[in-house]
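Structure, as structure tokens:
The numbers here are math on the coordinates, done by the rules we state, and not lab data. These numbers come from a predicted model, not from an experiment. Neighbour counts are summed over all protein chains in view; Cβ atoms, including those assigned to glycine, are modelled from backbone coordinates with ideal geometry.
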Amino acid sequence: MKKTIGIVGSGIMGLLIGYAFSKLGHQVTIFEKNSRDNFKNCSMTAAGMLSPYSELIHSDKKIFDLGYDSLERWKKIIRELKKKVYFQTKGSLIVADKDHENELESICIRTNEYTKSKFKIISNKKIRSLEPDIDSTNLIGLFFNKEGQIDTKQIMIELSEFILKKGSIINFNSHVKQIKNHEISLSNKKKIKFDFVVECCGLGTFSNKDKIRGVRGEIIEVLAPEIKISRPIRLNHFRYPVYITPREDYKYLIGASEIESEDFSPVSIRSAIELLNSSLVISKKFSEARITALSNNCRPAFFDNLPKIRINDDYISANGLFRHGYLLSPIISDLVVQYCLKDIKDKDLYYIYN
């Protein structure tokens, strides 16, 4: 039987849930507070790295398990969309100065222990054979060959178009004031009833506001025609992990995604200098790159940095994906749909549910 689904929030979580329901023939209505022309959320300010192995540096093993599963789900989604989306699984590199070999060795041991793998530290020569435009001669690294990446803006557009073509609706400039008894109340006093309501509002969540925090991410977008780097690179940084992620047409994202601050102010000079200096460690050619944009946002996270599906009497909340939004959203969206349509919780993932 066809169900009506109300989704509050159109980040990657809301769109993937909408996609999953629409694909099954259900009527979806998404409510987004931002306008179509001024659309900005943490899903848009993201590098889209699909890197379960790399995340083991600082994350719980559960993130690896969930992320490894989602990587396969992303492959399926890309096939189903049949659209041109920059998506690849060429692996990723973690690099560090030779003086920090002990730190890299600890990462290697932890990763092998958790994933039952046999990764080894690779030499500068091997790094440069994988990425010839890395010109530093003092780097060592780890190569996780099964990791991937996705263009966040492209996939958001394609998911939105899929949902609309299926006859579902995305309402921009829609301010949801309350969710009660599966009914969404808007700021214009309009009320709409649904079979199921799913809330994916990040820091604007309607429940457990006191238990969720913001973690700031910053990105500098650059155009660098002189450089050809084909996979994400993470550089061990003394303050936080820094990454360089390639896009099509010689575009690169230079960013940091784990700054413990619920701060929405513009990127500071200090942060910009640190990020740009990190790019020069990878390749001095970045000195001639052109900055095309600076952006920042805050990711929602719970105390354990694990995602949560909170099942309330009035609605379901999917939230707290931390900096793993693109890595984990496919499996979380499928769990939400499974619960709504089949009233089933995955017993192996008991820690996800409230």
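Things worth noting here:
- Set of lysines near residue 342 by C-alpha distance (under 18 Å), chain-local residues within fewer than 8 positions excluded: 2, 3, 23
- Volume of the convex hull of region 288-345 (Cα atoms only), normalised per residue: 136 Å³.
- Contact order relative to length of region 301-340, as percent, for alpha carbon pairs under 8 angstrom and 6 or more apart: 34 percent
- Dipole in debye (nearest 20) - region 177-308, about Cα centre, beta carbon charges: Lys, Arg +1; Asp, Glu -1: 360 debye
- Measuring against 20 Å, Cα to Cα, the residue pairs 62/347; 120/285; 126/228 contain 120/285 as the ones spanning a longer distance.
- Only one of (1) 160; (2) 134; (3) 147 was calculated from the structure for volume of the Cα convex hull per residue in Å³, and its label is (2).
- Alpha-carbon centroid distance for the pair region 154-228 / region 280-354, whole angstrom: 13 Å
- For residue 169, residues with placed amide H under 5 Å, excluding near neighbours: 28, 29, 30
- C-alpha long axis of helix 269-282 to longest principal axis of the chain, angle in °: 60 degrees
- Across region 283-290, computed HN-Hα scalar couplings (Karplus, 6.51 cos²θ - 1.76 cosθ + 1.60, θ = phi - 60°) run 7, 5, 5, 5, 4, 9, 5, 9 Hz from first to last residue, x flagging Gly and Pro.
- Relative contact order [Cα under 8 Å, 6+ residues apart], region 275-354, whole percent: 24 percent
- Dipole of the chain, positive end: most advanced residue of 309, 107, 232 [Cβ charges, Cα centre]: 309
- For the chain, size of Cβ-based charge dipole, Lys and Arg +1, Asp and Glu -1, in debye: 1040 debye
- Long-range HN-HN contacts of residue 147 with modeled amide H, under 5 Å: 91, 92
- Annotation: amide H-H contacts under 5 Å for residue 316 (H modelled 1.01 Å from N, sequence separation of 5 or more, or interchain): 197, 198, 199.
- Ellipticity at 222 nm from helices only: DSSP H runs of n ≥ 4 in the chain, each -39500 (n - 2.57), divided by the residue count, give -9500 deg cm²/dmol.
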